[in-house]
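Presented below is the structure to which this report refers.
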């Protein structure tokens, strides 16, 4: 288990040609994907990298603050049921942040090597991850000011651009259909 303070901001906005890195993201596996990292968010601005996580249909990722944190996009401020779990491509993360020890700062619980594009995983698609089954939500997952502070404004513009939205560079929201254990190295496949 590794704990990371997510309040730490990037001190230098590195100039990178992200478009040159798109080919690698486009080549993300559609079969034989893997879970590369698991991250819990027990408190605001705190990340805990773990080797194993338990997913639950009611509580999302056990040990994560999804339910307690709530959501500004629900009328009563309760946790958004379509955003129990977020997945992000490690190929995108590698493009925006060469230091993989900082990847947990993205705030996604499942960091994966898998095609998350709209074409391959439209809303309603189901995927098997370890023992769990997830359903991809219609609710989009987009970058914000915190993401920009942690990875730079160029990275935020790249992931939120037209290609980034189509390929879901920022990742996807999902809900847990069937709970179970997920471990680093587990396979991911479309149902």
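The values are calculated or read from the model by the stated rules, or taken from the named source; none is laboratory data. What you are looking at is a predicted structure, and each value in this text was computed from that prediction instead of being measured. Here the Cβ positions follow ideal geometry from the backbone for every residue, glycine too, while neighbour counts run over all protein chains shown.
Within segment 61-69, is there a residue that is in contact with a helix residue (DSSP H, G or I) (Cβ under 7 Å, 6 or more places away or on another chain), at pLDDT 85 or above and either buried (at least 19 other Cβ atoms within 10 Å of the Cβ) or under 16 Å from residue 116 (Cβ atoms) (or both)? Within segment 61-69, not a single residue is in contact with a helix residue (DSSP H, G or I) (Cβ under 7 Å, 6 or more places away or on another chain), at pLDDT 85 or above and either buried (at least 19 other Cβ atoms within 10 Å of the Cβ) or under 16 Å from residue 116 (Cβ atoms) (or both).
One line per residue, one yes/no per condition, for (1) part of a strand (DSSP E or B); (2) in contact with a helix residue (DSSP H, G or I) (Cβ under 8 Å, 6 or more places away or on another chain); (3) surrounded by 16 or more Cβ atoms within 10 Å (Cβ to Cβ); (4) in contact (Cβ under 8 Å) with a residue 24 or more places away in the chain:
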{"residue": "102", "(1), (2), (3), (4)": "no, yes, yes, yes"}
{"residue": "119", "(1), (2), (3), (4)": "no, yes, no, yes"}
{"residue": "123", "(1), (2), (3), (4)": "no, no, no, no"}
{"residue": "141", "(1), (2), (3), (4)": "no, yes, yes, yes"}
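Results for (1) over 22 Å from residue 128 (Cβ atoms); (2) modelled with pLDDT of 95 or more; (3) surrounded by fewer than 16 Cβ atoms within 10 Å (Cβ to Cβ); (4) within 16 Å of the chain's Cα centre (by Cα), shown as yes or no for each residue.
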site	(1), (2), (3), (4)
5	yes, no, yes, no
19	yes, no, yes, no
31	no, no, yes, no
35	no, yes, no, yes
38	no, yes, no, yes
47	yes, no, no, yes
72	yes, no, yes, no
80	yes, no, no, yes
97	yes, no, no, yes
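Of the residues contained in segment 144-161, none is found to be buried (at least 20 other Cβ atoms within 10 Å of the Cβ), at pLDDT 90 or above and either within 21 Å of residue 53 (Cβ to Cβ) or touching a strand residue (DSSP E or B) at 6+ places or on another chain (Cβ under 6 Å) (or both).
Close Cβ contacts (under 9 Å, 6 or more residues apart or on different chains) running from residues in segment 171-184 that are in contact (Cβ under 8 Å) with a residue 60 or more places away in the chain and on the phi > 0 side of the Ramachandran plot to residues that are outside any strand (DSSP E or B) and crowded, with 17+ Cβ neighbours inside 10 Å comprise 171/92; 171/106; 171/108; 171/116; 171/141; 171/159; 180/130.
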